[in-house]
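Enquirer: Have a look at the structure that comes next, please.
The values are calculated or read from the model by the stated rules, or taken from the named source; none is laboratory data. Remember, it's a predicted structure, so these values are computed and weren't measured experimentally. Reconstructed Cβ throughout: ideal geometry from the backbone, glycine too, with neighbour counts over all protein chains shown.
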Amino acid sequence: MSPRYPALPDLWLVTDARNDRVLERALAKLPAGSGVIFRHYHLPPAERRARFAALRRAAHRRGHVIALSGTARQARAWRADAVYGDAAHLIGGPALPRLCTVHSLRELADARRARADAVLLSPVFPTRSHPGGTLLGPIRFRLIAARAGLPVIALGGMDRARARRLKWCKWAAIDGFCDGPTRWNPVDS
């Protein structure tokens, strides 16, 4: 299976209301060529689009890829580099690299049918986003990842130490780059 697009980044910063105040600083300190998944569901549509445009400019200055959580059509209209969502949002629309979050083998099959270019397999570890939620854990994560047939990005409670413990170079985080809501914790390049 040959990829339709150049290789996607190994490291992804996922945005939301919790890390919004540190995003410009975070983008400047991420290793060049990292990825950003823009969610920001908390903003009204016009503010969300304006915030995306500002972060896209900042990301591109550092050579980062930016994916929009939304439909493929919306991602193209907003000039995103990729689209992020569940399998249903990836179907249709202009061609862009497609990232899909999955939590099970069934969802992995849906992502492959939707022609995802990579999946974010979650949650590997406990998260602030879904406290008390069902976890994959390292063993189940690896078993599902082995059946993916496409790049797998670890998500859910990830940070540098957990990525090393998991021995997985592709990972994404919301809080995993920050020491609290406003203090940036740089990643080793």
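Enquirer: Would you point out which residue out of Ala95, Ala46 is more than 14 Å from the chain's Cα centre (by Cα) and either farther than 24 Å from Ala7 by Cβ or part of a helix (DSSP H, G or I) (or both)?
Expert: None of the others qualify; the one that does is Ala46.
Enquirer: Please tell me if Ala59 is among the small types (Gly, Ala, Ser) and touching a strand residue (DSSP E or B) at 6+ places or on another chain (Cβ under 6 Å).
Expert: Spelling it out, Ala59 is indeed among the small types (Gly, Ala, Ser) and touching a strand residue (DSSP E or B) at 6+ places or on another chain (Cβ under 6 Å).
Enquirer: Still on this structure, please answer the following. Out of the range 109-138, which residues are of a type in the set (S, T, N, Q) and at pLDDT 90 or above?
Expert: Ser122
Enquirer: Check whether at least one residue in the range 166-187 is modelled with pLDDT of 70 or more and assigned to a helix (DSSP H, G or I), and report yes or no.
Expert: Yes; the residues of the range 166-187 include at least one that is modelled with pLDDT of 70 or more and assigned to a helix (DSSP H, G or I).
Enquirer: For the range 14-29, enumerate the residues that are assigned to a loop (DSSP other than H, G, I, E, B) and modelled with pLDDT of 90 or more.
Expert: Thr15
Enquirer: Within the bounds of the range 68-86, is there any residue that is more than 18 Å from the chain's Cα centre (by Cα) and either crowded, with 21+ Cβ neighbours inside 10 Å or not in a loop (DSSP other than H, G, I, E, B) (or both)?
Expert: yes
Enquirer: Does any residue of the range 141-153 turn out to be over 12 Å from the mean Cα position of the chain (by Cα) and of a type in the set (Phe, Trp, Tyr)?
Expert: Within the range 141-153, one or more residues are over 12 Å from the mean Cα position of the chain (by Cα) and of a type in the set (Phe, Trp, Tyr).
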